[in-house]
1. Restricting things to alpha carbons, tell me how big the chain is in terms of Rg and Dmax, in Å.
2. Restricting to the chain, what percent of DSSP beta bridges are antiparallel, rounded to 5?
3. How large are Rg and Dmax for the stretch 203-322 when only the alpha carbon atoms are used, in Å?
4. Specify, per residue and in Å³, the volume enclosed by the convex hull of the alpha carbon atoms belonging to the stretch 102-223.
5. Considering only protein heavy atoms and a 1.4 Å probe, what is the carbon-and-sulfur percentage of the accessible area of the stretch 215-288?
6. Can you give me the Cα centroid spacing of the stretch 1-19 and the stretch 254-322 in angstrom?
7. Just to confirm the filter: which trypsin sites (Lys or Arg not before Pro) across the stretch 277-322 are DSSP coil and have at most 10 other Cβ within 10 angstrom of their Cβ?
8. For the chain, what is the accessible area per residue in Å² when the probe is 1.4 Å?
Amino acid sequence: TECAYVACNVRSELPYFASKVTFGTTGVKTVHPVGPINEYEQTRLKEAMTQLKDEIDAGLQYAATQQLAEGPKAGLAPLTKRLSPAPAAAISPAYMAAPPSKVGNFKVCVCGGAGGIGQPLCMLMASNPHVSELCVYDLTLAMVPAAGVAADLSHLEKKSKVKGYALDKDDLPRDKLEECLTGCNLVLVPAGMPRKPGQTRSDLLAINAGIAKNIVEACAKFCPDAVLGLIVNPVNSVVPAMCELYKKKGLDPRKICGVTSLDIVRANKFVHEITGAPLDSIDVPVVGGHAGTTILPLFSQVPAMKGVPADKIPALDKHVQD
């Protein structure tokens with residue numbers, strides 16, 4: 001169970017929200033409610049939801065003007081044969097995929113695997129005992145070649161087989177990444193451009209949603225049952241946009257999630273620094289979204305924070321956001 005930004009009805013006013021999520025081998029199993037919050041957090045939640053609604057709407061507007069070029073590749077089992085009934089309170093029956101046949105032997109692809117976030121993420125995946133195959137994909141213009149990252153990681157004394165893939169910037173992943181993506185159980189996407197000074201979130205969305213879409217439509221074609229973890233800013237808009245595009249192809253939108261782990265580890269570390277509580281005893285729920293005021297750490301739900309004065313919380317809250 002981990003906080004993530006997903007399609008859900010935790011807040012009836014918003015179709016997408018970050019909350020605690022229980023994941024299974026087929027993706028999201030359960031999205032948990034926010035739980036009890038204090039007066040300060042109630043005020044902050046209202047503030048977060050106002051900004052989050054605007055950012056979700058921006059993603060939905062993008063999706064309304066786009067569509068994925070292709071659905072699942074010919075030769076894959078028809079969608080109705082790959083899907084099994086969903087629990088009544090979880091996911092619509094049209095959206096639940098069958099579990100992988102080999103639990104503990106997953107194929108993972110990191111798209112943007114030669115970048116600053118991608119490289120350490122690839123190392124974590126290559127070291128994971130449940131990963132048997134790792135694909136490192138990036139552009140040929142990356143400062144570090146994807147093949148070089150893959151070669152280094154292939155020397156780790158772990159069971160994973162690692163291979164690199166690189167495309168030119170004008171190549172389309174849906175035309176070139178069949179070998180890379182086919183059979184993937186998990187695709188992680190630390191891709192996109194960083195926000196530049198003076199650039200609006202709308203400007204950033206126009207660029208990065210296109211980058212994400214190219215990868216997502218390749219996943220829809222070659223690995224429609226894979227779970228996609230998006231680390232593409234602005235996450236609050238990109239995730240809804242990609243989920244809606246998946247829906248248009250009849251695919252499971254709850255296989256796509258926004259990775260908000262940075263907010264959680266920051267909050268946990270800050271609580272440890274303030275209280276001295278052991279890190280392995282701290283688990284701060286961070287709900288809402290993954291940008292600015294939409295990031296809401298629920299310190300009132302953390303036992304270690306019980307003795308911290310209330311007037312210290314706003315600054316700590318802001319520290320997690322920044």
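The values are calculated or read from the model by the stated rules, or taken from the named source; none is laboratory data. Predicted model only: the values in this text are computed from it and were never measured. Backbone-built Cβ (ideal geometry, glycine too); neighbour counts: all protein chains shown. Please note that ligands, DNA and RNA were not included when accessible areas were found on the heavy atoms of the full protein model with its side chains. Shrake-Rupley method; radii C 1.70, N 1.55, O 1.52, S 1.80 Å.
1. Looking at the chain, its Cα Rg and Dmax stand at 19.6, 61 Å.
2. Numbers: 16 of 40 bridges.
Here the share of antiparallel DSSP bridges comes out near 40 percent.
3. 17.5, 53
4. That works out to 101 Å³ per residue.
5. Working: 1090 of 2060 Å².
Here it works out to 53 percent.
6. Answer, in whole Å: 17.
7. Within the stretch 277-322, the qualifying trypsin sites (Lys or Arg not before Pro) (loop, at most 10 other Cβ atoms within 10 Å) are LYS306.
8. Accessible area per residue: 47 Å².
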